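This report refers to the structure that appears directly beneath it.
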Amino acid sequence: MLHVLVDDNDQTAWYPNYLSGLHKGLESAGVPYTFSTKLPEDPQIPVLITRFTLFDMIKEANPVPQRLYIQEHDVWNPFTNVLDLESLWIFHHPSLKAIFYTNPSMVPWGKRCLPAGSQVEVIAAGFPYDHDYVNDTLKGIQSSDEREKLIVFPGRMNEFYQPYLSVRLAFEFMELGYRVVIASPVTPLSHYPVAMWRELGIEVGRLPHAEYYQLLSKATAAVSVTIGGSLTLALYEAQLLGATPIAPKGRADLPPFTEMYSPRYDLLHPREAIEMVENKVPVTIDTRWFSIDAYVRTLLDTTSN
C-alpha cells in the first residue's frame, strides 16, 4: 500500500497534472494505493508527500509515519531569494527515506539539504506528465502551422522568476518586431510597475490558462529566464503546442536545472535567447523525464525497498 498525501487547496498550475499522471501510473502498475488529505492510521504504511505545504502535518502527526518520501518539484538553492531555512527541518526527519526530484542536475543540490552522514536517497525520478489531462484542458486548441511573430514569457510575477530580465529581453524582441506577452498564472506582486510596462508596449499580467494555451498555439517561442521546475514544464507544454522552448543554462555544477532541453542559451548572456529565436534553432527535449511509467517505476522500486 502506498499512501499519497495530497493538498486539495493547492492552486499551482502543474500540480493537477502531476496527480493525474501519478494516479494513472499507479493504476497501470496494479499496486494498492490511496490519495488522501490525511495521514494513515498505520505508521508503517509508506507516505508520499506531494507538496511542501503538507510538511507541517508531519510535525503534528500522532502516530508519526515511519516511512516518508518527498516529491520535490524545485530544489532550494542560494540562487533564489525565497529560501526559508526553517523549512529544511523536514530533510532532517528520522522517518525520511527518499526525496524525488524532477531531473539529475537537482540531485546534488537536494543532497545539500540533508544533514552530514544522512542515509536518505536523493533520486532523479522525472515527472509523470499526463498528456490526456492536458489535452482535456486544451479542449480543441490546435497548434498553428503559421507561427505569429509572438514571444511568450511564462512564469509568476515574483522575484523567483526574474521578471525584470524578462522585461529587458522583451524590449529587444519588440525592437525586432515581435509581440511580447509576459504571462503570469497569478496576480503580479504590487511593487512591479506593470502599468508602465503595458504603456511601453509589453502585454503583461495574470492570464487565464485557456488564454495562455491559445497564445502558445501560435507563438514563435516561449522563453524562460529562470530555473523553476514549473517553467521546465511550461516549456514542455509550449513545444506540445508548437512554440520553440528556449531555456537557460549555467555551469554544469550550478542551477538552472534545465538539461532536458538542448541546446540552451547562456544565462549570463541572455541575448543568446534572441539569437536562438531569430536563427530558428531547433530544440530537442529528452522526454524520458516526462514519462509516467518511468516515474512510477522509480517510485515503486524505492518505496518497496
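The values are calculated or read from the model by the stated rules, or taken from the named source; none is laboratory data. Quantities reported herein were computed from a predicted structural model and do not represent experimental measurements. Because the Cβ atoms are built from the backbone with ideal geometry, glycine has one as well, and the counts that use them run over all protein chains shown. These area figures cover heavy atoms from the full protein model, side chains too; ligands, DNA and RNA do not enter into them. Shrake-Rupley method; radii C 1.70, N 1.55, O 1.52, S 1.80 Å.
Per this entry, S291 is counted among residues that are in contact (Cβ under 8 Å) with a residue 40 or more places away in the chain, closer than 20 Å to V107 by Cβ and within 20 Å of the chain's Cα centre (by Cα). Quick one: count up the residues across the stretch 190-237 that are in a helix (DSSP H, G or I) and surrounded by fewer than 19 Cβ atoms within 10 Å (Cβ to Cβ). Number satisfying all stated conditions: 8. Contact map, the stretch 27-56: residues that are under 14 Å from Q71 (Cβ atoms) paired with residues that are of a type in the set (G, A, S) and open to solvent by 60 Å² or more (accessible area, probe 1.4 Å), Cβ distance under 9 Å, separation 6+ or inter-chain. Pairs shown: P46/S304. Residues in the stretch 6-30 that are acidic (D, E) and within 19 Å of L207 (Cα to Cα): D10 alone. Among the residues making up the stretch 253-283, those that are open to solvent by 60 Å² or more (accessible area, probe 1.4 Å), touching a helix residue (DSSP H, G or I) at 6+ places or on another chain (Cβ under 8 Å) and part of a loop (DSSP other than H, G, I, E, B) are D253, E259. For the stretch 154-181, a residue qualifies if it is aromatic (F, W, Y) and either in a loop (DSSP other than H, G, I, E, B) or surrounded by fewer than 17 Cβ atoms within 10 Å (Cβ to Cβ) (or both), and the qualifying residues are Y164, F171, Y178. Taking the criterion of being in a loop (DSSP other than H, G, I, E, B), farther than 19 Å from A247 by Cβ, open to solvent by 30 Å² or more (accessible area, probe 1.4 Å) and in contact with a strand residue (DSSP E or B) (Cβ under 9 Å, 6 or more places away or on another chain), the residues of the stretch 115-153 that qualify are S118, Q119, E148, K149.
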